[in-house]
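Down below is the structure, laid out as structure tokens.
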Amino acid sequence: MIRLYPELTTPAPIVDLDIMERNVAAMAAKLAERGIAHRPHIKSHKSAAIARKQLEAGAIGITTAKLSEAETFAAAGFSSILVAYPLIGADKLERFAALHVNTEMIAAVDSMTGAEGLAAVGVRTGKPVQALVEIDGGLHRGGRQPGEDAVQFALAVQRLPGIEVAGVMGYFGTIYSHRDAASLQAAVRAESDAVADTVARFRAAGLPVRIVSTGSTPASLHCEALQGVTEVRAGNYIFYDASGVGMGIATEEQCALRVVATVVSAPMAGRATIDAGTKTLTSDKAQHRDGFGIVVGRPDIRITGLNEEHGYLQFPPEAEALQVGDRVEIIPNHACVIPNLTDRLAGVRQGRFAEWIAVDARGCNY
């Protein structure tokens, strides 16, 4: 019977600390070589302890998706935070104002409704809000259109009291549709060109551009093509996942976050059920891969489906065998979802449990 990490109760999300630390060091070195600052996105791990490792490696601050993440990390002592999400509504503005008074907060903005709300915060607190104009990177989930639309919007924002345009930010998420080095590099060049054109138009219009923030994990890995960018917001790089393997930007050996699961049933030859379902592994699909994760070191075993508490494995019985009680190690399709599903992660080294890692901002999705 295979008993991986017998001291842990399954399903057990684990982080291989040696792999994670290598990932942090490698990204820090790559960006430093290009003179690009790093403001990592903490939604990938939601852990103050992990974020501190990123700061120790040279990160200039952090990025959050939601305001509640920013509140959690500000309370933990983090002093420079970009909220890369529209802040809409009186409740959000009140909470942002409380952070803004004592912390270096930067806000993303793409609507006059959002800009006017932030400007009112700046007027009320006597401290102008620093704002990045978000440009649409191709997903059309938010942002102004690159070029003149972004310029005219920024000019309108700059005229408001209580808010200052600090630069631009963009998320070019369409890069995840690519899977080879040549097409990834071409996508990063296109991202760089779109940002550079908008920045040039900003400057020609007399707009300040102190910060040029862009860069997903794939773009950050190809940062040699990010001309004129001052900072990137890579997040997933710290763990990688099955999507990264499918895209060719990571190997299984670089994937730090895994889930240890136990076989709880073997109903017929070539089939087995594990105790990890969507509440542990996420139902997200992977980029350029079928199934719901990679079973480490056992390529003949496929995860073909998930329910809430069950994972379904299929394998050729002549090539593989699983018994009830066996444990398997799984690289999830999308690592960023996993920490938000648990209160703590098991940090491991050399195949042994080493420490618990608190997921401080678990559930901070508001």
**Request:** Hey, can you find the accessible area per residue of segment 38-126 for me, probe 1.4 Å, expressed in square angstrom?
**Result:** 36
**Request:** Report the extension gain between Ile88 and Met112 in nm, rounded to one decimal, defined as 0.36 nm multiplied by the number of residues separating them, less their alpha carbon distance.
**Result:** 7.6 nm
**Request:** Report the far tail of the P(r) of segment 272-340, meaning the percent of Cα-Cα pairs longer than 21 Å.
**Result:** 17
**Prompt:** Normalised by the number of residues in segment 270-366, what is the relative contact order in percent for Cα pairs under 8 Å and 6+ residues apart?
**Reply:** 27
**Accessible surface, 1.4 Å probe, highest first, among residues Asp149, Asp110** = Asp149, Asp110
**Request:** Excluding Val232 itself, calculate the net charge of residues whose Cβ lies under 11 Å from the Cβ of Val232, where each Lys or Arg counts +1 and each Asp or Glu counts -1.
**Result:** +2
**Complete:** Over all directions, segment 106-244 yields a Cα convex hull whose mean projected area in nm² is 8.5
**Message:** For segment 214-288, compute the orientation-averaged projected area of the C-alpha convex hull (one quarter of its surface), in nm².
**Reply:** 6.7
**Message:** Tell me the net charge near Val359. Cut-off is 10 Å between Cβ atoms, Val359 excluded, with +1 for each Lys or Arg and -1 for each Asp or Glu.
**Reply:** +1
**Prompt:** Can you list residues whose amide H is under 5 Å from Phe353's amide H, if they're 5+ apart or on another chain and H is modeled 1.01 Å from N?
**Reply:** none
**Prompt:** Based on the Cβ-Cβ distance from Glu148 to Asp343, what FRET efficiency comes out when R0 is 41 Å, to the nearest 0.05?
**Reply:** 0.30
**Message:** Along each principal axis of its Cα atoms, how long is segment 22-162 end to end? Whole angstroms, biggest number first, please.
**Reply:** 44, 34, 24
**Asked** Relative contact order of the chain: what whole-number percent is it, with Cα pairs under 8 angstrom and at least 6 residues apart?
**Response** 22
**Request:** Mind giving me the FRET efficiency for Ala200 and His288? R0 is 51 Å, r the Cβ-Cβ distance, nearest 0.05 is fine.
**Result:** 0.90
**Complete:** Asserting the computed 222 nm helical MRE of the chain (DSSP H runs at least 4 long, -39500 (n - 2.57) per run, divided by residue count, to nearest 500) equals -9500 deg cm²/dmol
**Asked** Under 15 Å from a point 7 Å along the Cα-to-Cβ line of Ala76: which residues of segment 28-49 have their amide N that close?
**Response** 40-49
**Asked** Which value in nm describes the separation of the simple spin-label points at Thr251 and Ser265, placed 7 Å from the Cα toward the beta carbon?
**Response** 3.8
**Message:** Could you work out what % of the accessible surface of the chain is carbon and sulfur, using a 1.4 angstrom probe and leaving DNA, RNA and ligands out of the count?
**Reply:** 50
**Asked** Hey, got a sec? Which trypsin sites (Lys or Arg not before Pro) in segment 1-105 land in a DSSP loop and have at most 11 other Cβ atoms within 10 Å?
**Response** Arg3
**Prompt:** segment 1-46: which GluC sites (Glu not before Pro) are DSSP loop and have at most 13 other beta-carbon atoms within 10 angstrom?
**Reply:** Glu7
**Prompt:** What length, rounded to one decimal in nm, is gained on full extension from Gln323 through to His140, with 0.36 nm per residue of separation minus their alpha-carbon distance?
**Reply:** 61.2 nm
**Request:** Please list, in chain and number order, the residues 5+ apart from Val260 or on another chain whose amide H is under 5 Å from its amide H, with Hs placed from the backbone.
**Result:** Ala12, Ile14, Ile330
**Request:** Mind listing the long-range amide H neighbours of Ala108? Cut-off is under 5 Å, sequence gap 5 or more, other chains count too, H placed in the peptide plane at 1.01 Å from N.
**Result:** Val83, Tyr85, Leu132
**Message:** Around Glu94, under 13 Å between beta carbons, what's the net of Lys plus Arg minus Asp minus Glu among the other residues?
**Reply:** +1
**Message:** Can you compute 3J(HN,Hα) from phi for each residue in segment 339-344, using the Karplus curve 6.51 cos²θ - 1.76 cosθ + 1.60 with θ = phi - 60°, rounded to whole Hz and x for Gly and Pro?
**Reply:** x, 6, 9, 8, 6, 8
**Message:** I need the calculated FRET efficiency for the pair Lys279 and Ala29, taking r as the beta carbon distance and R₀ as 30 Å, to the nearest 0.05.
**Reply:** 0.25
**Request:** Determine ³J(HN,Hα), in whole Hz, for all residues of segment 249-264 in sequence, where each value follows from phi through the Karplus function 6.51 cos²θ - 1.76 cosθ + 1.60 and θ = phi - 60°; x replaces Gly and Pro.
**Result:** 9, 8, 9, 4, 5, 8, 7, 8, 9, 9, 10, 8, 10, 10, 6, 10
**Message:** Keeping all protein chains in the complex and leaving out DNA, RNA and ligands, what accessible area do you get for Ile338 with a 1.4 Å probe, in Å² to the nearest 10?
**Reply:** 0
**Request:** Using label points projected 7 Å from each Cα along Cα→Cβ, tell me how many nm separate Thr125 and Thr9, to one decimal.
**Result:** 4.1
**Message:** Assuming 0.36 nm per residue, please report the length gained on full extension of the stretch Arg210 to Ala98 beyond their Cα-Cα distance.
**Reply:** 37.9 nm
**Asked** Under the Kirkwood approximation applied to all pairs of distinct alpha-carbon atoms, what is the hydrodynamic radius of segment 113-167 in Å?
**Response** 11.5
**Request:** In whole Hz, with x marking every Gly and Pro, tabulate ³J(HN,Hα) for segment 170-182 from phi via Karplus 6.51 cos²θ - 1.76 cosθ + 1.60, θ = phi - 60°.
**Result:** x, 10, 9, x, 5, 4, 6, 7, 9, 9, 10, 4, 5
**Item:** Gaussian network model of the chain, springs between alpha carbon atoms under 10 Å - residue of Arg39, Arg141, Arg258 with greatest fluctuation
**Value:** Arg141
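The values are calculated or read from the model by the stated rules, or taken from the named source; none is laboratory data. Every value quoted in this text rests on a predicted model; they were computed, and no experiment measured them. Heads up, the Cβs are rebuilt from the backbone with ideal geometry, glycines too, and the neighbour counts pull from every protein chain shown. We work out accessible area using only protein heavy atoms, side chains counted, and drop any ligands, DNA or RNA first. Shrake-Rupley method; radii C 1.70, N 1.55, O 1.52, S 1.80 Å.
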